[in-house]
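K.L.:
Before I ask anything, let me first share the structure, which is written out below as structure tokens.
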Amino acid sequence: METKQFKAESRRLLDLMINSIYTHREIFMREIISNASDAIDKSYYKALVDDSLTFEKDNYFIKITMDKENRTLKISDTGIGMTKEELDDNLGVIAKSGSLQFKKDNEAKDGHDIIGQFGIGFYSSFLVADEVTVISKSSDSNEAYMWESKGVEGYTINPCEKDSIGTEIILKLKENTEDENYDEYLDEYKLKALIKKYSDFIRYPIKMDITKSELKEGTENEYDEHIEEQVVNSMVPIWRKNKRELTKEDYENFYNEKHYGFDKPLSHVHISVDGAVSYNAVLYIPEKTPYDFYTKEYEKGLELYSSGVMIMDKCSDLLPDYFGFVRGVVDSEDLSLNISREILQHDRQLKLIAKNVKTKIKNELENMLKNDRENYEKFYESFGRTLKYGVYNEYGANKDILKDLLMFHSSKEGKMITLAEYIERMPEDQKYIYYAAGESVERIKKMPQTESVLDKGYEILYFTDDIDEFAIRILMNYKEKEFKSVSSSDLGIEANENENTSEADNKENEELFKAMKDILSNKVKNVKASKRLKNHAVCLSNEGELSIEMEKILKAMPNNEAAKADKVLEINVNHEVFKSLKAAYENDKDKLNIFTDLLYNQALLIEGLTIEDPMEFANNMCKLMM
Ligand code: ADP
Ligand code: MG
């Protein structure tokens with residue numbers, strides 16, 4: 001019989017795991033039991049929706065037995081079982097394809113304890129066992145098979161005998177070492193405690209043979225020992241429990257058990273609603289962004305149960321895209337069991353639940369923002385972008401739900417602030433909410449366009465995400481204040497009386513500016529004297545809908561190369577350079593050509609745009625130096 005190799009990625013993870021000093025070995029129990037429970041879910045569900053199958057609730061259980069002499073621990077279930085092919089497919093490759101990547105990404109930060117943060121499923125059995133045997137009989141097959149493995153070398157699959165449908169996992173525990181006492185996993189009390197800790201809410205009975213000793217009748221200190229089968233878990237799912245009886249740790253354990261994330265949740269919402277629609281739910285706001293969150297691969301959704309039976313593991317209709325980061329379960333008696341995905345989409349009950357869930361999530365986020373700012377900022381760091389996409393998508397249909405949850409960097413605070421906070425401290429005379437868009441806070445701070453707004457004592461919101469400006473254009477205003485880019489040609493700031501008005505400057509230099517505009521032909525819409533520049537010689541601003549920052553973003557996307565903002569070249573008439581420009585206009589037209597080209601290209605560079613003709617730019621530079 002040939003030994004099959006584990007798939008490459010699984011091998012490496014297995015290797016890493018077995019060889020790392022590991023402090024959470026005990027989670028293997030949670031993993032094996034949760035697999036058993038999933039398997040029972042599947043057969044239970046099958047029996048419920050198929051009228052030709054009968055089912056007896058008592059037939060669904062998990063049993064733990066141990067054999068101290070042989071140092072084996074056995075976990076059996078009456079679940080759906082596995083065929084030969086399924087044994088090969090399911091146990092030969094790691095289930096969570098992202099786990100190894102995650103481990104790599106985080107190794108530097110956290111050392112080897114990462115695995116303890118999340119499940120590695122079935123493979124965790126190798127944390128405590130050096131030999132694992134799986135005996136399984138599927139409801140789809142008459143044959144039973146035995147899968148055996150001693151770890152990284154590989155595994156074998158052979159036919160074997162098993163009467164009933166289901167699976168047995170037999171762990172041959174490792175020898176004790178100085179640091180690790182594996183015998184404790186043969187200890188009744190230890191196992192009972194582990195099950196209580198990690199698997200108490202599993203809905204099927206987890207049975208164990210418990211040794212009971214009773215005082216022998218008629219004696220004072222002689223005891224009779226007998227074995228009694230006991231159910232060691234409470235079987236009440238966490239969402240059916242009273243929240244007052246649950247601790248933060250209970251919720252965190254459930255989150256880990258379910259593999260909702262590698263992190264600890266930032267907060268949770270426990271919902272019990274009785275009304276037009278009745279349901280229970282436990283929802284979590286994770287702290288960290290899942291590695292695939294901002295990719296197409298990410299699947300949002302909540303686990304959906306109907307009267308305690310799982311009917312879907314990721315019901316996407318329960319969550320709007322902008323709350324796609326929420327994890328958790330929803331259980332309702334009002335849903336029919338054999339409901340298909342297609343029908344479910346139009347189910348009235350489900351829609352009501354989704355609406356309610358949405359409101360609860362929004363309330364929880366608002367609550368965090370108000371009462372737990374530190375955690376809200378962590379949340380926003382991970383998922384703020386999704387909220388901004390939410391404002392932008394569907395032509396702004398959801399902007400009212402989301403606008404109070406937005407935050408941006410502030411020029412005043414050096415941290416993120418909300419729009420409400422911005423409005424609150426706006427000076428009386430300020431008409432607009434000002435923002436500046438750029439690659440990073442550092443770069444924006446150096447933008448010449450921010451000078452006059454900051455001089456006025458106005459606060460500026462720094463937009464560093466691609467989506468920011470697009471989202472804000474859709475939002476249009478907040479509490480009746482419109483947004484204004486510091487790069488827009490009209491800033492809406494009154495000039496001080498003693499300042500030269502730019503109108504006069506424009507009149508005075510009308511011909512020069514016209515000549516420059518002709519030199520730049522269709523590259524700019526206009527050339528004019530700047531009201532905003534203090535220290536810099538030139539900058540670009542824009543007229544019209546599309547900003548320069550938006551042009552940059554659109555151009556980086558396929559099929560948008562033609563996107564073009566209407567640019568205005570603004571000149572600082574108080575700058576030394578302006579005198580040279582004027583002199584060139586009067587005496588040397590060739591020089592004016594060169595100057596104009598250089599200044600325009602400078603302005604492009606400041607904006608982070610590329611120069612259209614670098615050769616010409618370089619040649620012009622040289623001409624000036626000669
Ligand atoms: P996950 O549970 O996240 O899918 P695991 O590594 O825990 O990943 O398990 C891999 C797969 O092996 C499961 O998805 C399931 O198909 C199968 N499996 C594991 N244990 C059992 C079991 N007791 N009964 C039936 N199938 C099982
Ligand atoms: Mg699992």
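The values are calculated or read from the model by the stated rules, or taken from the named source; none is laboratory data. Everything numeric in this text was worked out from a predicted model, so none of it was measured. Every residue, glycine among them, receives a Cβ derived from its backbone with ideal geometry; neighbour counts consider all protein chains shown. Ligands, DNA and RNA are excluded from the accessible area calculation, which covers all protein heavy atoms including side chains. Shrake-Rupley method; radii C 1.70, N 1.55, O 1.52, S 1.80 Å.
K.L.:
Going by what's in this entry, would E551 be described as closer than 30 Å to I467 by Cβ, outside the structural domain of E442 (by TED's automatic domain parsing), touching a residue at least 60 places away in the same chain (Cβ under 8 Å) and of a type in the set (D, E)?
P.N.:
It is false that E551 is closer than 30 Å to I467 by Cβ, outside the structural domain of E442 (by TED's automatic domain parsing), touching a residue at least 60 places away in the same chain (Cβ under 8 Å) and of a type in the set (D, E).
K.L.:
In the set K264, K300, which member is without any contact (Cβ under 8 Å) to a residue 24 or more places away in the chain and part of a loop (DSSP other than H, G, I, E, B)?
P.N.:
K264
K.L.:
Next question. Which of the residues that make up the stretch 223-261 are without any contact (Cβ under 8 Å) to a residue 12 or more places away in the chain and in a strand (DSSP E or B)?
P.N.:
Y223, D224
K.L.:
A further question follows. Looking at the stretch 267-286, which of the residues that are part of a loop (DSSP other than H, G, I, E, B) and at pLDDT below 95 is farthest from E249 (Cα to Cα)?
P.N.:
If we take residues in the stretch 267-286 being part of a loop (DSSP other than H, G, I, E, B) and at pLDDT below 95, then A276 is farthest from E249 (Cα to Cα).
K.L.:
Being modelled with pLDDT of 90 or more and out of contact with any Lys or Arg (no Cβ under 8 Å at 6 or more places or on another chain) is the filter here, so list the residues in the stretch 207-223 that pass it.
P.N.:
The one that is modelled with pLDDT of 90 or more and out of contact with any Lys or Arg (no Cβ under 8 Å at 6 or more places or on another chain): D209.
K.L.:
For the condition under 18 Å from G390 (Cβ atoms) and buried (at least 19 other Cβ atoms within 10 Å of the Cβ), what is the one hit in Y435, Y478?
P.N.:
Y478
K.L.:
Shifting gears a bit: Does any residue of the stretch 45-62 turn out to be open to solvent by less than 40 Å² (accessible area, probe 1.4 Å) and part of a strand (DSSP E or B)?
P.N.:
yes
K.L.:
May I ask you to list the residues in the stretch 161-206 that are of a type in the set (V, I, T) and either open to solvent by 50 Å² or more (accessible area, probe 1.4 Å) or at pLDDT below 95 (or both)?
P.N.:
Of everything in the stretch 161-206, those that are of a type in the set (V, I, T) and either open to solvent by 50 Å² or more (accessible area, probe 1.4 Å) or at pLDDT below 95 (or both) turn out to be I165, T177, I195, I202.
K.L.:
Among the residues of the stretch 515-525, are any open to solvent by less than 50 Å² (accessible area, probe 1.4 Å), modelled with pLDDT of 80 or more and outside the structural domain of N601 (by TED's automatic domain parsing)?
P.N.:
Taking every residue of the stretch 515-525 in turn, none turns out to be open to solvent by less than 50 Å² (accessible area, probe 1.4 Å), modelled with pLDDT of 80 or more and outside the structural domain of N601 (by TED's automatic domain parsing).
K.L.:
Within the stretch 431-439, identify whether any single residue is assigned to a helix (DSSP H, G or I) and out of contact with any Lys or Arg (no Cβ under 6 Å at 6 or more places or on another chain), and answer yes or no.
P.N.:
Looking through the stretch 431-439, none of the residues is assigned to a helix (DSSP H, G or I) and out of contact with any Lys or Arg (no Cβ under 6 Å at 6 or more places or on another chain).
K.L.:
Of the conditions (1) in contact (Cβ under 8 Å) with a residue 40 or more places away in the chain; (2) under 21 Å from R348 (Cβ atoms), S272 clears all except one; give me its number.
P.N.:
Evaluating S272 over (1) in contact (Cβ under 8 Å) with a residue 40 or more places away in the chain; (2) under 21 Å from R348 (Cβ atoms) leaves (1) as the failure.
K.L.:
Search the stretch 276-290 for residues that are outside the structural domain of L302 (by TED's automatic domain parsing) and pair each with any residue that is open to solvent by 40 Å² or more (accessible area, probe 1.4 Å) and of a type outside the set (D, E) when their beta-carbon atoms are under 6 Å apart and the residues are at least 6 apart or on different chains.
P.N.:
Taking only residues 6 or more apart or on different chains, not a single pair turns up.
Conditions (1) under 27 Å from the mean Cα position of the chain (by Cα); (2) within 24 Å of Q602 (Cα to Cα); (3) among the hydroxyl-bearing types (S, T, Y), marked per residue:
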site: T418; (1), (2), (3): yes, no, yes
site: I423; (1), (2), (3): no, no, no
site: G438; (1), (2), (3): yes, yes, no
site: V441; (1), (2), (3): yes, yes, no
site: S452; (1), (2), (3): no, yes, yes
site: E459; (1), (2), (3): no, no, no
site: Y462; (1), (2), (3): yes, yes, yes
site: I467; (1), (2), (3): yes, no, no
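For every residue, the table says whether it meets (1) among the hydroxyl-bearing types (S, T, Y); (2) closer than 20 Å to I361 by Cα.
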residue: E228; (1), (2): no, no
residue: Y260; (1), (2): yes, yes
residue: S267; (1), (2): yes, yes
residue: H270; (1), (2): no, yes
residue: D274; (1), (2): no, yes
residue: I285; (1), (2): no, yes
residue: T295; (1), (2): yes, no
residue: L304; (1), (2): no, yes
residue: M310; (1), (2): no, no
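K.L.:
To continue, here is another question. Can you pull out the residues in the stretch 87-110 that are at pLDDT below 60, away from ligand 2 (no atom under 14 Å from the Cβ) and not in a loop (DSSP other than H, G, I, E, B)?
P.N.:
Those that are at pLDDT below 60, away from ligand 2 (no atom under 14 Å from the Cβ) and not in a loop (DSSP other than H, G, I, E, B): L100, Q101, F102, K103, K104, D105, N106, E107, A108, K109, D110.
K.L.:
Ok, one more. Consider only pairs whose beta carbons are under 6 Å apart and that are at least six residues apart or on different chains; among these, list those whose first residue lies in the stretch 441-465 and is modelled with pLDDT under 90 and whose second residue is open to solvent by 40 Å² or more (accessible area, probe 1.4 Å).
P.N.:
Close Cβ pairs satisfying both conditions: P448/H536; E451/K534.
K.L.:
Check E394, E366 and return the single one that is open to solvent by 70 Å² or more (accessible area, probe 1.4 Å), out of contact with any strand residue (DSSP E or B) (no Cβ under 9 Å at 6 or more places or on another chain) and free of Cβ contacts under 8 Å to residues at least 40 places away in the same chain.
P.N.:
Matching residue, one of E394, E366: E394.
K.L.:
Need the failing condition index for E214 against (1) within 16 Å of ligand 1 (Cβ to nearest atom); (2) of a type outside the set (K, R); (3) touching a strand residue (DSSP E or B) at 6+ places or on another chain (Cβ under 6 Å), just the number.
P.N.:
(1)
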